[in-house]
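Have a look at the structure below, then the notes.
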Amino acid sequence: MKKITLLALAVALSGAIDVYGADVPVLDLDGCLSIALSESPTVKVADMEVKRVDYSKREILGQLLPSIDFGGQYSRTLAKQTMYMNMDGFGGMGGGDKEEGVETQASKKGDNGIKVGLDNSYSLGFQASMPLIAPQLWQTLKLSDQQILRNVEAAQKSRLELVNQVKNAYYALLLAEDSRKVMQESYDMAKFTHDMYRKQFELGAASDYDVLRTSVAMKNIEPQLMQADIAIKQARLQLLILMGMDSTFDFTIADKLSNYEESMYARALAIDPDYSRNIDLRLMDIDTEILRKTLKIEKLAYSPTLALTANYNWTSMNNGTPFKELRWNPYSSIGVSISVPIFSGGQRFNRVKQAKIQVEEMRWQRENLERSIDMQVKVAVDNIKMNVKQISSCAESVGQAERAHDIQVKSFDVGATSYLNLRDSELALTQARLSYNQAIYNYLVAHSDLELLLGNAPIDKYSKK
């Protein structure tokens, strides 16, 4: 069922689906990016972090609302308090029952006190409080807005990095498949030559040495074919992981590197090296603003706070067995409480100093980051221009190698050249094609990395597919 669901998702998202035999979807780059942005666990975790911080803000907002609690208390008196009064007839406190300087016997014994209190005491009720003046709490709400904004930007960064990784993995798969095709063509040429010499040897028109030499040339290519197959498998698995798909999901890529040669010149000319949208710079700006608001919060620790309090309780007391002859009496009150910070051993002062240093540190870090990004953008643009020239040179080299190989094939057919010259032309053609594919791959990866640096990947386009 999972595989069917993934297949249906791929069909719905890719926009370039064809079917070969056993319902194998054919994905293009946009299709892979669309699946990755909807299924990747990295993106889902980033989105969940945005929701988590939103709930955190609501938690802080709840502190501005009244808080109401219900509570109860029961106590059992083990030894009642004794009360003495400074009146005639009561001993132990002095008074009218003694002459000046003379204590009565009852005073000495202290047995005329009054026992106060009942055995059982109960209290039930509600307590409510609401902050009226809370400067730190108000500023914390503004800090929560910045934290939400930071998590939104962090989620955007996760998407941009995912797009970059998926593109590079997709291009790596194209490079592996195109290299496999080049090696297969080289193997087919070597096999054709070997079969021809073997048949001539059977007819007595070729030597055993010619058969062995062509056989060795053919078998030397077989390890390269196996390496190409391994590279394709690894690239496919890497792409599936980034797309958030199971490793058993089967798909086909209907694309090749040479398809990107036509558009690369226009894309290279249209490069705008403006890095103001760089996601790391934007995150650092938000972090700086968070630190500034944190500094304000620390300064507001010197501000007084005012709160409204209220309670409504029921009390009851009795003697003897609990829960008998209870008489409940309501009691309620309302008031305000104020708290004015005066001295805390320098804690608030030192926290303010720490926050100021952090703001200053962030300013220098941003300056350093901006210089680093400026350098990376310039290097990336230079690499792209160099890759464009290299692709043009490699394309010309492939054309020349193909013509040279055609000449050698015709000359070999009429016996005007040796097999060694033919094999040299085959190797030169294979190397030229591999270099051509590698140059296009280098250009595409460099352009993808530059796109990540500039932060201008069209994520909305992929998300809508």
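Within the stretch 393-406, can one find any residue that is exposed (fewer than 15 other Cβ atoms within 10 Å of the Cβ) and not in a helix (DSSP H, G or I)? No: the stretch 393-406 contains no residue that is exposed (fewer than 15 other Cβ atoms within 10 Å of the Cβ) and not in a helix (DSSP H, G or I). Ile68 meets each of the listed conditions (1) part of a helix (DSSP H, G or I); (2) aliphatic (A, V, I, L, M); (3) out of contact with any Lys or Arg (no Cβ under 9 Å at 6 or more places or on another chain) apart from (1). Out of Ser448, Ser392, Ser435, which single residue is modelled with pLDDT under 90 and not acidic (Asp, Glu)? Answer to the check: Ser392. Could you check Arg277 against (1) part of a loop (DSSP other than H, G, I, E, B); (2) of a type in the set (Lys, Arg); (3) at pLDDT below 85 and say which number it fails? Here Arg277 clears every test but (3).
Residue pairs whose Cβ atoms lie under 8 Å apart, sitting 6 or more positions apart in sequence or on different chains, and linking a residue in the stretch 411-438 that is surrounded by 18 or more Cβ atoms within 10 Å (Cβ to Cβ) to a partner that is not in a helix (DSSP H, G or I), are Phe412/Ser418. Looking only at residues of the stretch 128-152 that are among the charged types (D, E, K, R) and surrounded by fewer than 20 Cβ atoms within 10 Å (Cβ to Cβ), we find that the one that is farthest from Lys256 (Cα to Cα) is Lys142.
Conditions tested, residue by residue: (1) within 30 Å of Ser121 (Cβ to Cβ); (2) out of contact with any Lys or Arg (no Cβ under 9 Å at 6 or more places or on another chain); (3) in contact (Cβ under 8 Å) with a residue 12 or more places away in the chain.
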position	(1), (2), (3)
Arg327	yes, yes, no
Phe349	no, yes, no
Lys353	no, yes, no
Gln358	no, yes, yes
Glu367	no, yes, no
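The residues in the stretch 5-38 that are under 30 Å from Ile148 (Cβ atoms) and at pLDDT 85 or above can be counted, and the count is 6.
Of all residues in the stretch 144-163, none that is outside any helix (DSSP H, G or I) has its Cβ atom under 7 Å from the Cβ atom of a residue that is surrounded by fewer than 19 Cβ atoms within 10 Å (Cβ to Cβ) and among the aromatic types (Phe, Trp, Tyr), 6 or more apart or on another chain.
For the stretch 412-465, the tally of residues that are farther than 18 Å from Thr214 by Cα and in a helix (DSSP H, G or I) stands at 29.
Within the stretch 213-228, residues that are touching a residue at least 40 places away in the same chain (Cβ under 8 Å) and closer than 14 Å to Lys181 by Cβ reach partners that are surrounded by 16 or more Cβ atoms within 10 Å (Cβ to Cβ) and not β-branched (Val, Ile, Thr) with beta carbons closer than 7 Å, at six or more positions or on different chains, in the pairs Gln224/Met183; Leu225/Met183; Leu225/Tyr187; Ala228/Ala176; Ala228/Ser179; Ala228/Arg180; Ala228/Met183.
Considering only residues that are part of a strand (DSSP E or B) and in contact with a Lys or Arg (Cβ under 7 Å, 6 or more places away or on another chain), look in the stretch 295-321 and name the one that is modelled with the highest pLDDT. Residue satisfying both the conditions and the ranking: Ser316. Restricted to the stretch 53-101, and to residues that are modelled with pLDDT under 75 and of a type in the set (Asp, Glu), which residue is surrounded by the most Cβ atoms within 10 Å (Cβ to Cβ)? Per the criteria, the residue is Asp97.
When each of Ile384, Ile373 is tested for being of a type outside the set (S, T, N, Q), in contact (Cβ under 8 Å) with a residue 60 or more places away in the chain and within 16 Å of Tyr260 (Cβ to Cβ), the lone residue that passes is Ile384. Considering each of Ala307, Ala301 in turn, give the residue that is touching a residue at least 40 places away in the same chain (Cβ under 8 Å), small (Gly, Ala, Ser) and under 30 Å from Val152 (Cβ atoms). Just one listed residue meets the conditions, Ala301. A single member of Lys181, Lys233, Lys167, Lys256 is surrounded by fewer than 18 Cβ atoms within 10 Å (Cβ to Cβ) and either closer than 19 Å to Glu451 by Cβ or at pLDDT below 90 (or both), and it is Lys256. With the condition kept exactly as written, say whether any residue in the stretch 270-283 is without any contact (Cβ under 8 Å) to a residue 60 or more places away in the chain and farther than 30 Å from Ile148 by Cβ. For the stretch 270-283, residues without any contact (Cβ under 8 Å) to a residue 60 or more places away in the chain and farther than 30 Å from Ile148 by Cβ: present. Residues in the stretch 322-370 that are outside any loop (DSSP other than H, G, I, E, B) and of a type in the set (D, E, K, R): Arg348, Arg351, Lys353, Lys356, Glu360, Glu361, Arg363, Arg366, Glu367, Glu370.
The values are calculated or read from the model by the stated rules, or taken from the named source; none is laboratory data. The structure presented is a predicted model; accordingly, all values stated were derived computationally and were not measured. Positions of Cβ are generated from backbone atoms using ideal geometry, with glycine treated the same way; all protein chains shown enter the neighbour counts.
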